[in-house]
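The values are calculated or read from the model by the stated rules, or taken from the named source; none is laboratory data. Nothing here was measured: the structure is a model prediction, and the numbers come from that model. Note that we place each Cβ from the backbone using ideal geometry, even for glycine, and neighbour counts take in every protein chain shown.
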DNA sequence: ATGAAAGCGCTAACAA
DNA sequence: TTGTTAGCGCTTTCAT
């Protein structure tokens, strides 16, 4: 015998012999209700199996208690763990996180329209805002946070990795091992983080008194295949190098495959350092030396920042920079002069 | 000069000199409005920058156009790609997908209460419903779909992999290569899919006239470490085997490491087949032979089923079974008798 | 083709 | 402490 419509606050009220407003006070844990009334209301709620309609509360309060997170996709480990961190943080504050994949600019614009302009969510998280021109589609008056890139002109919060510092650190690690001709396999140059990591690389070289050789830098697209191709072309052009800094682990793994196919050993012939410390990075052959970034924490921090901004609209925006950590495993080693 | 409150349907109405109801008809693309009025309303909408308040529409219609997806976590590639598939399918039908991580039963129960009982969403997707007792916390009257396991008694839709068939196929592959003593490293036995895959394994052995040896099956927990430990203990107990069926790729990779540490070569000394075809499965050493499952499609199908059920409440429930596909790479080879 | 009235289920402001 | 009265911004039903 399914009820056509749900139990409402008024059903509870008449059952308990009070006004619906008193019921509202009880479910909102207001102080201003006597213990006896509260008890009566509570038992009526129990008896009728009443559950507040959250949509009605949102409507009356004008706040959705929901955050949106727009990411290029939901499957890349980096993104997925950012999202998981954000989701957990949001929920701890009584918010939900609605995450959606926006592979291109048009999808992004559509989602902003539906989620933000139509007021389904209170705030917006944008992962990699400077991939294409997506950042342009966000209206000025929405509270939001950028993840993975620092704002250019916009007045928004942001949380990102210290990519320049990490690129510097990775390169320095290789330099300390005695390497001088270090290849850099970058992400797409259009993405801020690729450029930042590359700048760290260049700076470290210069500090070591090395003039960067443009022949040693190759642009990849984060995929293992692109790392593979990069090394292949280097090898074909007989470019000399003894170490590689790959801007992510997937490209590092692809690079290793290309080296192996050319009968080059890692790390004896070529040292290679990756970036991310993806799951199973230590299970590749050889176990990958890499720059670990704590993406889960990045997601938490970003959600925290946004939550704060949503609840205190007058707050100044801020930029958070998280450090990366060098994880030494077996894909890098001391440089040895070859004949 | 931020407006205190947003532009509403009534602002548009008075600007266009019509009733708010006519505006409603226009934004809902009703036929019953004259072209001239429509044009006037449209230009008023444009002029005032009106955007419908989605929460108000949800409230009035009694439908949220949102689905919830509860998953043990958001980062495992299997889950993440199911979710991505579901999200994309949902959005194509004008729905949003709110995905949340429910690592344990309590969190699950809380989320069901908040998302379903308080009517924030129209339907529920549950990944791995028989992990712990979570399935018990879902009220009878909610439309939902199980992912990754077939319903026991509940009347719900489900989409899952043909785990038994896949387990059978994986084992048969090893049998065809001449292996007779085949180890099975399972997932947690409490999960349905582990048991189904194990049943497929047992059945294949029996069909080949082999009496299954209980010493050859070890329970893992899906982690690489557990695969590693499993093989270590087998080796310590001097259990003889020439092949391994690992119920996921991560455990397979862990197993490979343990074998290598014992100076055993894969596949020359021991063949090994994994399960999932996770990203980079072909970049391990050796490239992994595995049973590929199309989790993205699984997510899409599940969302499609749920959407259908939500919009046609009288529909019969159904169970979908997706096939897995054998991907042959280099971690398995012909059995050769050793001294 | 258009409008008036009622209501979705709740919270907020004000009275008593 | 409790109740009354208005909304929140829409859709739906019923007139006209």
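Figures for the structure shown
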| quantity | calculated |
| --- | --- |
| Among the residues listed as B:97, B:124, the single one being within 16 Å of the chain's Cα centre (by Cα), within 25 Å of residue A:7 (Cα to Cα) and in the same structural domain as residue B:72 (by TED's automatic domain parsing) | B:124 |
| Among (1) within 14 Å of chain A (Cβ to nearest Cβ); (2) in contact (Cβ under 8 Å) with a residue 60 or more places away in the chain, the one test that residue B:257 misses | (2) |
| Residue within the stretch B:40-48 that is more than 8 Å from DNA strand D (Cβ to nearest atom), within 28 Å of residue A:122 (Cα to Cα) and within 10 Å of chain A (Cβ to nearest Cβ) present | no |
| Residue match in the stretch B:17-25 (condition: free of Cβ contacts under 8 Å to residues at least 40 places away in the same chain, within 14 Å of chain A (Cβ to nearest Cβ), in contact with a helix residue (DSSP H, G or I) (Cβ under 9 Å, 6 or more places away or on another chain) and in a loop (DSSP other than H, G, I, E, B)) | no |
| Of the criteria (1) under 32 Å from the mean Cα position of the chain (by Cα); (2) facing another protein chain (nearest Cβ under 10 Å), which one residue B:70 fails | (2) |
| Among (1) within 30 Å of residue A:91 (Cβ to Cβ); (2) more than 11 Å from chain B (Cβ to nearest Cβ); (3) touching a strand residue (DSSP E or B) at 6+ places or on another chain (Cβ under 8 Å); (4) crowded, with 18+ Cβ neighbours inside 10 Å, the one test that residue A:281 misses | (2) |
| Failed item in (1) within 9 Å of DNA strand D (Cβ to nearest atom); (2) not in a helix (DSSP H, G or I), with residue A:51 passing the rest | (1) |
| Residue that is farthest from the other protein chains (Cβ to nearest Cβ), among those in the stretch A:73-127 that are in a loop (DSSP other than H, G, I, E, B) and more than 20 Å from residue A:193 (Cα to Cα) | A:93 |
| Tally, over the stretch B:79-94, of residues that are surrounded by fewer than 23 Cβ atoms within 10 Å (Cβ to Cβ) and either at pLDDT below 95 or in contact with a strand residue (DSSP E or B) (Cβ under 8 Å, 6 or more places away or on another chain) (or both) | 2 |
| Matching residues in the stretch B:43-53 - criterion: being surrounded by 16 or more Cβ atoms within 10 Å (Cβ to Cβ) and either more than 13 Å from DNA strand C (Cβ to nearest atom) or more than 17 Å from residue A:62 (Cβ to Cβ) (or both) | B:44, B:45, B:50, B:51, B:52 |
| Residues of the stretch A:284-293 classified as within 13 Å of chain B (Cβ to nearest Cβ) and surrounded by fewer than 21 Cβ atoms within 10 Å (Cβ to Cβ), total | 3 |
| Test: residue in the stretch A:161-172 that is farther than 26 Å from residue A:337 by Cβ and not in a helix (DSSP H, G or I) | yes |
| Residue in the stretch B:83-96 that is away from DNA strand C (no atom under 16 Å from the Cβ), closer than 30 Å to residue A:70 by Cβ, touching a helix residue (DSSP H, G or I) at 6+ places or on another chain (Cβ under 6 Å) and without any contact (Cβ under 8 Å) to a residue 24 or more places away in the chain present | no |
| Residue B:10 surrounded by fewer than 18 Cβ atoms within 10 Å (Cβ to Cβ), within 12 Å of another protein chain (Cβ to nearest Cβ) and part of a helix (DSSP H, G or I) | no |
| Filter result (within 14 Å of DNA strand C (Cβ to nearest atom) and buried (at least 21 other Cβ atoms within 10 Å of the Cβ)) within the stretch B:56-70 | B:58, B:64 |
| Identity of the residue in the stretch A:139-157, surrounded by fewer than 21 Cβ atoms within 10 Å (Cβ to Cβ) and farther than 23 Å from residue A:81 by Cβ, that ends up nearest to the other protein chains (Cβ to nearest Cβ) | A:141 |
| Condition broken by residue B:32, with the remaining ones in (1) facing another protein chain (nearest Cβ under 10 Å); (2) not in a helix (DSSP H, G or I) satisfied | (1) |
| Single match in B:73, B:28 (criterion: surrounded by fewer than 18 Cβ atoms within 10 Å (Cβ to Cβ) and within 30 Å of residue A:278 (Cα to Cα)) | B:73 |
| Boolean, residue A:62 is more than 11 Å from DNA strand D (Cβ to nearest atom) and either at positive phi or more than 9 Å from chain B (Cβ to nearest Cβ) (or both) | no |
| Strands (runs of 3 or more DSSP E) contained in the stretch B:192-277 and holding at least 1 residues outside the structural domain of residue B:153 (by TED's automatic domain parsing) and surrounded by fewer than 22 Cβ atoms within 10 Å (Cβ to Cβ) | B:217-219 |
